[in-house]
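Below is one structure, written out as structure tokens; the observations come after it.
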Amino acid sequence: MTDFSALSEEIKRLIKSAGPMPVWRYMELCLNHPDYGYYVSRDPLGREGDFTTSPEISQMFGELLGLWSASVWTAAGEPSTLRLVEIGPGRGTMMADALRALRVLPPLYQALSVHLVEINPVLREKQKATLAGIRNVHWHTDIAEVPEGPAVILANEYFDVLPIHQAVKRDTGWHERVVEISGSGALVFGVAPDPIPRFEVLLPPLVRMAPVGAVFEWRPDAEIMKIAARVRDQGGAALIIDYGHVRSDVGDTFQAIAKHSFADPLQSPGRADLTAHVDFQALARAAEDVGARTHGPVTQGEFLKRLGIETRAVSLMAKATPQVSEDISGALQRLTGEGRGAMGSMFKVLGVSDPAITSLVALSRDAEHAAAEQPA
């Protein structure tokens, strides 16, 4: 990747006119700038892109989320209409796999309307191709546009790309981290000269005890509160799957991914995916603050195993060639395992529901497996 990008020049112009730019604003511009934003005009997925998500690894992931959605429908009293919503649906792969699994339940399948929340026109076209032939599919730019009614909301690797604030602890207090221009003209990190007023009183106790030099990250609660309020008022549940930590703590996790490798987040703005780990404790707290019920989080590996992914893998391998069986086994390890390249422990799963739903399948210790035989 080269240092030059059109967005880099735009960001430098803004900094020269208004002063150092908070990290959240820099991340927002890099991802969502109307002309140069990373997520505005490209397909970032797959081998030819910058990263691969769970639905692209194996059909089992989407199938099991479809079955989980069916369990929510049952827990909600089998309403006559159900909005199946995906936020940030990529190429539509996960939704296609989920709907294929749901075909085994005709009463639910007939009750469904599908809603995809997507701002990227390139990905919208790919979603339309993937879901060609599926009835009752609608696209939106915001979840607020989804019609009223009970819903299952799926958000896989969505929250990690929402812009973060960062603050650095100094002897004088917590100072917001910013992006500024060095003497050589490069974009570099810095800190605002004045501490954030009364910031310490808002922090979790563990973070207050952090040493000087520590970095704390947070996201505004608006997005999770919007989702939580939706299921609180309209019924149903949301499932949030992302990489992150189960309790609020310090640490700099702001990173860039390009061509499946880590990159400098300040180099070539708009040409790399920018992400940061998700604070699941903060998500749960915000959802509960608006009156929704939370379930979990549990690790992705545990969640998928409780849903019966191992049983599903065996079923698929029984009908596959040796090479395909090996691929299925590798996908199972990547989705549920630990260690380098595996997602089982790094990714977490959080459920958010209508308060009347007291338990969600695979998110409580006594949950029954939702495994079911599906066509290969």
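Selection over the range 208-239 of residues that are assigned to a helix (DSSP H, G or I) and out of contact with any helix residue (DSSP H, G or I) (no Cβ under 8 Å at 6 or more places or on another chain) gives a count of 6.
A quick yes/no check of all residues on (1) within 18 Å of Thr81 (Cα to Cα); (2) in contact with a Leu (Cβ under 7 Å, 6 or more places away or on another chain); (3) aliphatic (A, V, I, L, M):
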position	(1), (2), (3)
Val122	no, no, yes
Glu125	no, no, no
Gly133	no, no, no
Thr141	no, no, no
Pro150	yes, yes, no
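A single entry from Arg208, Arg135, Arg170 fulfils the requirement of being of a type in the set (Lys, Arg), out of contact with any His (no Cβ under 6 Å at 6 or more places or on another chain) and farther than 27 Å from Ala282 by Cα: Arg135. For the range 255-276, the candidate set comprises residues that are open to solvent by 20 Å² or more (accessible area, probe 1.4 Å) and touching an Asp or Glu at 6+ places or on another chain (Cβ under 7 Å); within that set, the residue that is farthest from Leu360 (Cα to Cα) is Gln267. Checking the stated criteria, Asp97 turns out not to satisfy the condition of being acidic (Asp, Glu), open to solvent by 40 Å² or more (accessible area, probe 1.4 Å) and free of Cβ contacts under 8 Å to residues at least 60 places away in the same chain. All of Ser345, Ser329 fail the test of being at pLDDT 95 or above, over 24 Å from the mean Cα position of the chain (by Cα) and not charged (D, E, K, R), apart from Ser329.
Being at pLDDT below 95 and open to solvent by 10 Å² or more (accessible area, probe 1.4 Å) is a property that Leu206 has. Does any residue of the range 21-34 turn out to be of a type in the set (Phe, Trp, Tyr), modelled with pLDDT of 90 or more and over 30 Å from Ile357 (Cβ atoms)? Yes, there is a match, as at least one residue in the range 21-34 is of a type in the set (Phe, Trp, Tyr), modelled with pLDDT of 90 or more and over 30 Å from Ile357 (Cβ atoms). Of all residues in the range 70-90, those that are in a helix (DSSP H, G or I) have Cβ atoms under 7 Å from Cβ atoms of residues that are β-branched (Val, Ile, Thr), 6 or more apart or on another chain, in Ser71/Val361; Val72/Val152; Ala75/Ile357.
The rows are residues; the columns are (1) under 30 Å from Thr74 (Cβ atoms); (2) in contact with a Ser or Thr (Cβ under 8 Å, 6 or more places away or on another chain); (3) outside any helix (DSSP H, G or I).
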| site | (1), (2), (3) |
| --- | --- |
| Thr311 | yes, no, no |
| Val314 | yes, no, no |
| Asp327 | no, no, no |
| Ala331 | yes, yes, no |
| Gly344 | yes, yes, yes |
| Ala356 | yes, no, yes |
| Ser359 | yes, no, yes |
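If the condition is being surrounded by fewer than 22 Cβ atoms within 10 Å (Cβ to Cβ) and in contact with a helix residue (DSSP H, G or I) (Cβ under 8 Å, 6 or more places away or on another chain), then the range 60-82 contributes Glu78, Pro79, Ser80, Thr81.
Do any residues in the range 112-141 that are of a type in the set (Ser, Thr, Tyr) have Cβ atoms under 6 Å from those of residues that are open to solvent by 20 Å² or more (accessible area, probe 1.4 Å), where the two are at least six apart or on different chains, and which pairs are they? Note: pairs meeting the criteria are Ser113/Arg83; Ser113/Asn136; Thr130/Arg91; Thr130/Ala96; Thr141/Ile119.
Screening Gly296 against (1) part of a helix (DSSP H, G or I); (2) under 18 Å from the mean Cα position of the chain (by Cα); (3) surrounded by fewer than 22 Cβ atoms within 10 Å (Cβ to Cβ) leaves a single unmet condition, (1).
Restricting attention to the range 105-133, which residues are closer than 26 Å to Gly77 by Cα, open to solvent by 20 Å² or more (accessible area, probe 1.4 Å) and either assigned to a helix (DSSP H, G or I) or at pLDDT below 95 (or both)? Correct list: Pro106, Pro107, Tyr109, Gln110.
The values are calculated or read from the model by the stated rules, or taken from the named source; none is laboratory data. Small disclaimer: the values here were computed from a predicted structure and weren't measured. We place every Cβ from the backbone using ideal geometry, glycine too, and count neighbours over all the protein chains shown. Heavy atoms of the whole protein, side chains included, go into the accessibility calculation; ligands, DNA and RNA do not. Shrake-Rupley method; radii C 1.70, N 1.55, O 1.52, S 1.80 Å.
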